Amino acid sequence: MDDAKAGVFASKFDALKRLSAELGRDPTRTQAAGGNTSLKHDGIMWTKASGTWLAEAEQRDIFVPVRIDPLLDALHAGDPRAEKGTDFIATELSSTCLRPSIETTVHAVFPQAVVLHIHCVNTIAAAVRREGEAVLRAMLGKAGLAERFAYIPYCRPGVPLAHEIEKVTGQQTDIVVLENHGLIVAGNSVSDASALLDAVIAAIAHQPRDIGAEADIAALARLAEGTGYRLPGAKAVHHLARDSASLRVATAGALYPDHVIFLGEEVAAIEPTDDAMRSFLAGSNAGCDSLPPLLLVKGLGVLVRETLTASGEALVGCLSDVAARIPADAPLKPLTAEEIYALTHWEAESYRQSLDRKAAAQ
Ligand SMILES: [Zn+2]
């Protein structure tokens, strides 16, 4: 690359890092290591490394350079190496030993230079509903964006999702909502993609429900004593156990992949009494490792396992933000047992969990 070309690339890459960090700092757009961004330039796609946080995009090297054509060839040929992506890293350009995001092939199938994928709570609040596509199409239609929009039925992230998205991508489709998952927008520059993302989120914004009075923290803390559970970091999440519409969402089953990965398959809910707590703990006879990370004490508030990581906390916040945006009567579409099994038995997700545990131990 000559100096002028290198300068153009550096300024685009800096803009992507700045935008990624902004997205990562907004919990209504991204939580923990969720979401990822990419920039294609000169045959290389710079994509977020698996398990890294977008919020850190300006402080550490979180992007991995991947060769686009060989990766797409592998994807189209059914070559299993497309899933992990490590064989396509342009090692001479890379200073990190991290793996590319599990959603690298998803980014690669977009023809646009910049792809932003986020777990935006306004998107998720619609995309976990049975009528999610119609709701979103109507909202985007009012903003004149429906023609550019595609809705992808739930599909396991990674290669299966990339194949489904490739059927709809093209220059005219730059807004893609993934059922039970999140939002992707694409653009030919960082500023175009960023402006489109803002326009889409403004169009699909759901007003959060008024979620009422604060939790009785003292009573919750007393109930948690000696149980291995503790209060969550954020006070705003207690409506999950106190508001009946939120409780319905929280106990409907896992609604999106990162919930399964960082908060487990099951959210427990008990009555607000010592007896209920005792029988809940006694009922988990498989040992304390099997206790659900998130425990809702009905009418009182939320408890989390003492060992819950920062990622788990961020996903409690996500559930809180999503639940507050879903109408009490909206039919929901939780992930099926087969879909959850496919996530929990996928090597790429075990890798993300191991990075999270490592970070928590530091
Ligand atoms: Zn995602």
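Evaluate the following for P331: is it more than 30 Å from P160 (Cα to Cα) and not assigned by TED's automatic domain parsing to the domain that holds A127? Break it down into steps so the answer makes sense when it comes.
Values: more than 30 Å from P160 (Cα to Cα): no; not assigned by TED's automatic domain parsing to the domain that holds A127: yes.
It is false that P331 is more than 30 Å from P160 (Cα to Cα) and not assigned by TED's automatic domain parsing to the domain that holds A127.
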Problem set entry | Selection within segment 58-72 - in contact with a Gly (Cβ under 9 Å, 6 or more places away or on another chain) and within 16 Å of the ligand (Cβ to nearest atom) | none
Problem set entry | Verdict on L140 being among the aliphatic types (A, V, I, L, M), touching a Cys at 6+ places or on another chain (Cβ under 7 Å) and either farther than 18 Å from L23 by Cα or touching a residue at least 24 places away in the same chain (Cβ under 8 Å) (or both) | no
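Would you be able to tell me the number of residues in segment 152-161 that are aliphatic (A, V, I, L, M) and either modelled with pLDDT under 95 or under 16 Å from L343 (Cβ atoms) (or both)?
Applying the first criterion (aliphatic (A, V, I, L, M)) to segment 152-161 yields 152, 159, 161.
Now narrow it down to the ones that are either modelled with pLDDT under 95 or under 16 Å from L343 (Cβ atoms) (or both): 159, 161.
The number of residues fulfilling the criteria is 2.
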For this session: Could you tell me whether segment 201-217 includes any residue that is at pLDDT below 95 and in a helix (DSSP H, G or I)?
Result: yes
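Taking A203 as the residue in question, decide whether it is surrounded by 13 or more Cβ atoms within 10 Å (Cβ to Cβ) and either hydrophobic (A, V, I, L, M, F, W, C) or under 22 Å from the mean Cα position of the chain (by Cα) (or both). I'd like the intermediate steps shown before the answer.
Working: surrounded by 13 or more Cβ atoms within 10 Å (Cβ to Cβ): yes; either hydrophobic (A, V, I, L, M, F, W, C) or under 22 Å from the mean Cα position of the chain (by Cα) (or both): yes.
Yes; evaluated as a whole, the condition is true for this residue.
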Exercise. Tell me, which helices (runs of 4 or more DSSP H) wholly within segment 53-151 include 3 or more residues that are modelled with pLDDT of 95 or more?
Worked result: 68-77, 104-108, 121-127, 132-142
Seminar exercise, completed: Of G43, G85, the only residue that is farther than 18 Å from C318 by Cβ, of a type in the set (G, A, S) and surrounded by fewer than 22 Cβ atoms within 10 Å (Cβ to Cβ) is G43
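Let's see how each residue does on (1) assigned by TED's automatic domain parsing to the domain that holds A146; (2) part of a helix (DSSP H, G or I); (3) hydroxyl-bearing (S, T, Y); (4) modelled with pLDDT under 95:
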{"site": "E164", "(1), (2), (3), (4)": "yes, yes, no, no"}
{"site": "N180", "(1), (2), (3), (4)": "yes, no, no, no"}
{"site": "I184", "(1), (2), (3), (4)": "yes, no, no, no"}
{"site": "D192", "(1), (2), (3), (4)": "yes, yes, no, no"}
{"site": "A199", "(1), (2), (3), (4)": "yes, yes, no, no"}
{"site": "R222", "(1), (2), (3), (4)": "no, yes, no, no"}
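Table: residues versus (1) in contact (Cβ under 8 Å) with a residue 60 or more places away in the chain; (2) in a loop (DSSP other than H, G, I, E, B).
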site: D275; (1), (2): no, no
site: S279; (1), (2): no, no
site: L296; (1), (2): no, no
site: G299; (1), (2): no, yes
site: E313; (1), (2): yes, no
site: S320; (1), (2): yes, no
site: P327; (1), (2): yes, yes
site: L335; (1), (2): yes, yes
site: L343; (1), (2): yes, no
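Given the criterion under 21 Å from N36 (Cα atoms), surrounded by fewer than 21 Cβ atoms within 10 Å (Cβ to Cβ) and not basic (K, R), identify the matching residue among A127, A150. Don't jump to the end; show me each part of the working.
Values: A127 fails: surrounded by fewer than 21 Cβ atoms within 10 Å (Cβ to Cβ).
Every option except A150 fails the conditions.
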For this session: Determine, yes or no, whether A203 is without any contact (Cβ under 8 Å) to a residue 12 or more places away in the chain, of a type outside the set (S, T, Y) and more than 16 Å from the ligand (Cβ to nearest atom).
Result: no
Exercise. Just checking, which of V297, V260 is outside the structural domain of C120 (by TED's automatic domain parsing), of a type in the set (V, I, T) and at pLDDT below 95?
Worked result: V260
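The values are calculated or read from the model by the stated rules, or taken from the named source; none is laboratory data. This is a predicted model, so every value here is computed, not measured. Here the Cβ is made from the backbone with ideal geometry for all residues, glycine too, and neighbour counts use every protein chain on show.
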